[in-house]
Amino acid sequence: MDSETIQLEGTLKGFDMAGESIIPSGDKWELIPTTTIREVVDEVQASNVDFGVVPFENSTHGTVSFTLDCLADRASTYPNITICGEAYLDVHHFLLGRRKSSLLPHVDQNAKGTPLTSLSHVKRVYSHPQAFGQTAKFFATYLKGVETIEVSSTSKAAELAAADATGSSAAIAGEVAGEMAGLDVLARCIEDREDNTTRFFVLRRRPCSSRSDDGVEQEVQLPEGLPWTTDRVESLLESPTSRSPRSLSPRPSSSVSGSSGGRNDDTDKIDAYKGLYKSMVSFTVPHHTPGALADVLGCFKRRGLNLTSINSLPSLIAPFQYLFFIEFEGNRWDDPEGRVSGLVGDVEWVEGVAERWRWLGSWLNQRRR
């Protein structure tokens, strides 16, 4: 049986057992680590791998700019990239290096957020920019004046610290990366917040054949058994009388009456869809038109689409003009009320409000409440 390939930013030792929510188990999957986010996206676009996994945002330090830059695709390098899934990973950072003195006797060696040994010998620390941002309080307290050196991944940081024969280099990385590099734990769980979490996007190449004869984009079918795809939607919506999600009737009229207060089976099913999916689009607006961005947001409001995040980057069309990214609840291809398809087909949205808009994908919400 042929295996399917998944490209990862970082190295395999940078992912611990918590990464099971991202990486499928079994012999069917070949995992290919790489050093940068852009390399992952390059490989997906070139069809050299089936999927790519990249960090998109952190609950403490915000959006990962490298990933957002690739999704912006301002040089038209990635025309076929689409988001097909998401996964969340609790992130705990360790300060790793070489001990120059014994462990501090008055400190519990399982203590979090405090040095386990003297750090006076540490002259430089390697890590990814996101990791530095997520551990700012620890640095301000215990590593004032120490040089910080940004590298492509936390796993790479551990390798560089291990290669320093003087022992004066340290790294911020995961515990597994430290074990693989043969480094000592100088401090554990040094992230600013205990609930530090990173959301990853799963990317796939949209095939050229994903448009129908009339030019309408079609859904990209994914293999079954992936933890971040929609093959478990039926179980989420299961009820004794449920039909397939795609056979729901149009949105029920508010005029329906009865002892149930106007509710019927389709109403219950539609309620079950709330928050089930997310989608993302990017667009520019005419910057000299007052209220242009508000007009775009109004399109979402009128169709009852709940926004979950807004980001922006310079558009590179002109200085200080911006490309916006809107993430919202809903699915372009599993849309029983027609809200998302109505947004996509809205003349006001396509021609009158948003400029240079692009559909970036729909996927299953892994944090649905």
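The values are calculated or read from the model by the stated rules, or taken from the named source; none is laboratory data. On a predicted model such as this, the values are computed, not experimentally measured, just so you know. Every residue, glycine as well, gets a Cβ built from its backbone with ideal geometry; the counts of neighbours run over all protein chains shown. Accessible surface areas use protein heavy atoms only, side chains included; no ligands, DNA or RNA. Shrake-Rupley method; radii C 1.70, N 1.55, O 1.52, S 1.80 Å.
Values as computed for the structure displayed
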read-out	value
Helices (runs of 4 or more DSSP H) wholly inside the stretch 80-187 that include at least 2 residues being more than 30 Å from residue 52 (Cβ to Cβ) and within 30 Å of the chain's Cα centre (by Cα)	136-142
Some residue of the stretch 121-136 being outside the structural domain of residue 58 (by the TED database) and free of Cβ contacts under 8 Å to residues at least 12 places away in the same chain	no
Qualifying position, being under 25 Å from residue 56 (Cβ atoms), surrounded by 19 or more Cβ atoms within 10 Å (Cβ to Cβ) and not aromatic (Phe, Trp, Tyr), among 128, 92	128
Which listed residue is open to solvent by less than 60 Å² (accessible area, probe 1.4 Å) and either closer than 26 Å to residue 322 by Cβ or touching a residue at least 24 places away in the same chain (Cβ under 8 Å) (or both), from 57, 30	57
Test: residue in the stretch 351-362 that is touching a strand residue (DSSP E or B) at 6+ places or on another chain (Cβ under 9 Å), over 26 Å from residue 199 (Cα atoms) and either assigned to a loop (DSSP other than H, G, I, E, B) or not assigned by the TED database to the domain that holds residue 284 (or both)	yes
Candidate set from the stretch 297-329 (those that are of a type in the set (S, T, N, Q) and free of Cβ contacts under 8 Å to residues at least 60 places away in the same chain); member that is farthest from residue 85 (Cα to Cα)	321
Condition check for residue 140: at pLDDT 95 or above and open to solvent by 70 Å² or more (accessible area, probe 1.4 Å)	no
Residues located in the stretch 99-120, provided they are surrounded by 14 or more Cβ atoms within 10 Å (Cβ to Cβ), touching a residue at least 60 places away in the same chain (Cβ under 8 Å) and not hydrophobic (A, V, I, L, M, F, W, C)	99, 100, 113, 114, 115, 117
Positions within the stretch 144-163 being surrounded by 15 or more Cβ atoms within 10 Å (Cβ to Cβ) and farther than 17 Å from residue 94 by Cβ, in sequence order	152
